[in-house]
Amino acid sequence: MARRFSFAWRNLTPSRLLPFLEWLPGYRAGNLKGDLFAGLTVALVLVPQSMAYAQLAGLPAYYGLYAAFLPPAVASLFGSSRQLATGPVAVVSLMTAVALQPLAAAGSQAYIGYAVALALMVGLFQFGLGLFRLGLVVNFLSHPVIGGFTNAAAIIIATGQLSKLFGVAVDSSDYHYHTVLQVVKAALYFTHWPTLLMGLFAFAVMLVLKKITLRIPNVLVAVAATTLISWATGFEQQSTMPLESVVNADTRALIVNFNAETRQLDQMEDRRTRINNTLKQATIDGHRMIAIDSRRDLEILNYQMGMKADQAADYRHQIRRLLFEAGRTRNGDLRFYAKGNRPADTEKVGRTWRLRIGNAPLEATALVFSGGGEVVGDIPRGLPDFSFPEIDGHSAMTLMPSAVIIALLGFMEAISIAKAMAAKTGQRIDPNQELMGQGLANMIGSAAQSYPVAGSFSRSAVNLQAGAVSGVSNVFASLAVVATLFFFTPLLYHLPQSVLAAIIMIAVAGLINARGFIHAWRAQWYDGAISVITFVCTLVFAPHLDRGIIVGVGLSLCVFLYRSMRPHVVDLSMGLDKALHDVVTHGLKECRYIDVVRFDGPLFFANASYLEDQIRHRRKMKKALKHIIIAAESINDMDASGQESLSLIVDRLRSAGIDISLSSVHEPVMQVLRRTHLLYKIGEDHIYPTMKQAIRAIHEKTHKGGSEKSCPLTSVRTLSIHSEPKGG
């Protein structure tokens, strides 16, 4: 570890710490125009997308803007890709929501604090991997696993927006598919049609403009048009009234009961915090009895809180199903009646009203009734407060698994995009430098209230197509976001939430790639199976997305171990092209007296006995066998177990009157043979540089007095339908 640490510091050259110094001195004024145009074009997509993704992460929409003004510039200046556009992305946003959902209520101050802390932890992990040149760890996330997970995540993200699209609200369930069913039931009971129509209109605008031309920022046009319509038509339409404005006594009692349950839950939460603190201190001080009592009290309290939460959820569900009609009485008072029960002598106000409700108690003096759709609302003007989040030990341990997964997934997405663009631009991509750039983007972004970010495929493609020459384009995009925060936030107040849902659904549609499953299956059936199983598990276990990844990674490692334990071991004969080929694949006959065996893989402890089994099988099947040549061109490494097995094979064969030779031995393997003196047991005259030389040296001696007229090692002999059995 000390050596690696020293190595890392020795390699912290100026080009690694400040990689933009490599291209900035050669930057020409002519490049500025292309970067400026590309940066502004990306910003037109970045602003609405970042707001949508922030809500996907469970944060207020404007936190997407906080995540979009520092990370893009930092990643482009300190990473290795000059066109990669970093910022809020769909999959990382979803993973953030999944990680924080058990810790705090979405949108609360505690939730926001955890999100910012998660960004810092993700950044530290990524930067550390890049600093110590450990980018290779992402290889544990194989392409089939990523493909299956990404397809499932896209479906989860898209279906997760249905509630906003239909204008309904439901509680999240333990499993995503159950939440989707609840949304469908709620939508069948009541759909807010203006909300749905606004979302469908945004869909139509984005799809039509995308089909007509890519030069027009379709997302921005959809946002501008729907925001204007929302403002002009009074789309939001809400009224704040006291509890007494609700005419029905049962409805008032329902609200009072809900408030009582939620307030008791708040009190229980405070008590649980005190018990946890007592338990932590008792554990530190070694007071076992106090610790036992605290654990017992905590278990009882958790059970009671579960019952209270279920009761509060039931009340909340009943309140959400309430539909009201508003009527103004003769003296001008506004009253809310159950739908269909408004007196004829009252003036109807609006259409159907619903009561807004969340997890917190309702304010009896200020109930919020909504007769319209949800909008983004107020966005604080200006930049956020700059400060790094404080992370205690408990929070760090809780967030660590999610931080690692998000760091690896985010980097995989970023490096894949960077390599795809590098194939077009000819730029050299350094994965470890990109890790450092992504890590710094998350770390510095967390100081400006950013949540975890990664490379965006759609915005990177826009950046490249718009003519970006360097990372300066992303600096311009960041400056455009800053300008939005200072001057344009009031214009976003009336942006409908259903439009943000439509933006997300359009964006993630590009992540769905059914051909990836077919491609993986064609490459290797088990890769296709891993991809499909990862896809299914991710969907079934959602919102616990880490379980799908764990299953996929576990299967990939199992396949890797199995293939390492049982590599291909094939017999070779001359093919039609006068080269040696696998006799089974090419339908070739085998020599009676010489068996040319190729072992495809390193010879080590996991597969050494398998080679012994294969050689033993050939001895049993080929009675006339006189010599075995091991084609070692595929054996690139050998450990002590492999060396010992090879030594046993040599002893057993020669004691049975069968000789053995090796050909095309790699230098690392040859060094092992020399150090263990196995080379001298085999005989230096039994080691050949090439297979042709081995066959030429051995052939005459082994065939002397034999009945084989035409040897398959020196002439082409294919199997026919009535050919003799293998080995004959």
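Hey, which aspartates and glutamates would be in cross-link range of Lys164, C-alpha to C-alpha under 19 Å, not counting anything within fewer than 8 residues on its own chain?
Partners found: Glu236, Glu374, Asp378.
List the chymotrypsin sites (Phe, Trp or Tyr not before Pro) in the range 341-407 that DSSP assigns to loop (not H, G, I, E or B) and whose Cβ has at most 11 other Cβ atoms within 10 Å. Which are they?
Working: sites: Trp353, Phe369, Phe386; in loops: Phe386.
Here the sparse-neighbourhood loop sites are Phe386.
If the chain between Gln693 and Phe388 were fully stretched, how many nm would it gain, using 0.36 nm times the residue separation less the Cα-Cα distance? Mind showing how you got there, number by number?
Values: separation 305, 0.36 × 305 = 109.80 nm, distance 6.76 nm.
Extending this stretch completely gives an extra 103.0 nm.
Sorted by packing (mean other beta-carbon atoms within 10 Å per residue), highest first, where do 119-127, 478-486, 679-687 land? Present the calculation step by step, with values, prior to reporting the outcome.
On the way: 119-127: 25.6, 478-486: 18.8, 679-687: 14.4.
Averaged packing, sorted descending, gives the order 119-127, 478-486, 679-687.
Using DSSP to call loops (not H, G, I, E or B), can you name the GluC sites (Glu not before Pro) in the range 383-478 whose Cβ has at most 12 other Cβ atoms within 10 angstrom?
Glu390
Share of the range 581-728's accessible area from carbon and sulfur, percent, 1.4 Å? Provide the component values of the computation, followed by the final result.
Details: 4000 of 7650 Å².
Carbon plus sulfur share of accessible area: 52 percent.
Could you give the accessible area per residue of the chain, probe 1.4 Å, as a whole number in Å²? It would help to have the intermediate numbers written out before the result.
Values: 35430 Å² over 728 residues.
Roughly 49 Å² per residue, with all protein chains present.
Could you compute the net charge surrounding Ile504? Neighbours are other residues with a C-beta less than 15 Å from the C-beta of Ile504; K and R count +1, D and E count -1. Each step should come with its number before you reach the end.
Values: positive: Lys164, Arg459; negative: Glu374.
Summing Lys and Arg as +1 and Asp and Glu as -1 gives +1.
When the accessible area of the range 176-242 is split by element with a 1.4 Å probe, what percent falls to carbon and sulfur? Don't skip to the answer; put the middle values down first.
Numbers: 2850 of 3970 Å².
Solvent-exposed carbon and sulfur of the range 176-242 make up 72 percent of the total.
Order 133-141, 161-169, 538-546, 54-62 from most to least packed using the mean count of other Cβ atoms within 10 Å. Spell out each step's value before the answer.
Details: 133-141: 14.8, 161-169: 22.4, 538-546: 20.6, 54-62: 24.3.
Ranking the peptides 133-141, 161-169, 538-546, 54-62 by packing returns 54-62, 161-169, 538-546, 133-141.
Once fully extended, how much extra length lies between Glu269 and Leu136, figured as 0.36 nm per residue of separation less the alpha-carbon to alpha-carbon distance? Write down the numbers at each step before the final one.
Working: separation 133, 0.36 × 133 = 47.88 nm, distance 4.30 nm.
Taking Glu269 through Leu136 to full extension adds about 43.6 nm, to one decimal.
Could you list the trypsin sites (Lys or Arg not before Pro) in the range 180-224 that lie in coil according to DSSP, counting only those with at most 11 other Cβ atoms within 10 Å of their Cβ? Walk me through the numbers on the way to the answer.
Working: sites: Lys185, Lys210, Lys211, Arg215; in loops: Arg215.
For trypsin sites (Lys or Arg not before Pro) across the range 180-224 that sit outside H, G, I, E and B with at most 11 neighbouring Cβ atoms in 10 Å, the list reads Arg215.
So what is the orientation-averaged projected area of the chain, using the convex hull of its C-alpha atoms, in nm²? Walk me through the numbers on the way to the answer.
Values: hull surface 176.8 nm².
Projected over every direction and averaged, the Cα hull of the chain covers 44.2 nm².
Over the range 342-434, what percent of the accessible surface lies on carbon and sulfur atoms, probe 1.4 Å? Working shown, then result.
On the way: 2550 of 4810 Å².
C and S atoms contribute 53 percent here.
Distance check, please: which entries in Lys589/Lys709; Lys626/Lys681; Lys33/Lys211; Lys185/Lys210 exceed 25 angstrom between their Cα atoms?
Values: Lys589/Lys709 13 Å; Lys626/Lys681 18 Å; Lys33/Lys211 27 Å; Lys185/Lys210 33 Å.
As for pairs spanning more than 25 Å Cα to Cα, those are Lys33/Lys211; Lys185/Lys210.
Expected output is a single nm value to one decimal: the length gained when fully extending between Lys681 and Leu228, i.e. 0.36 nm times separation in residues minus the C-alpha distance. What is it? Display every interim value, and only then the final one.
Values: separation 453, 0.36 × 453 = 163.08 nm, distance 8.65 nm.
The Lys681-Leu228 span can extend by a further 154.4 nm.
How far is it, in nm, from the label point at Asp378 to the one at Tyr175 when both lie 7 Å from their Cα along the line to the Cβ?
Distance between label points: 4.2 nm.
The values are calculated or read from the model by the stated rules, or taken from the named source; none is laboratory data. It should be emphasised that the depicted structure is a prediction, and the values quoted were computed from it without experimental measurement. Note that we place each Cβ from the backbone using ideal geometry, even for glycine, and neighbour counts take in every protein chain shown. Heads up: the accessible areas ignore ligands, DNA and RNA and are worked out on the full protein's heavy atoms, side chains in. Shrake-Rupley method; radii C 1.70, N 1.55, O 1.52, S 1.80 Å.
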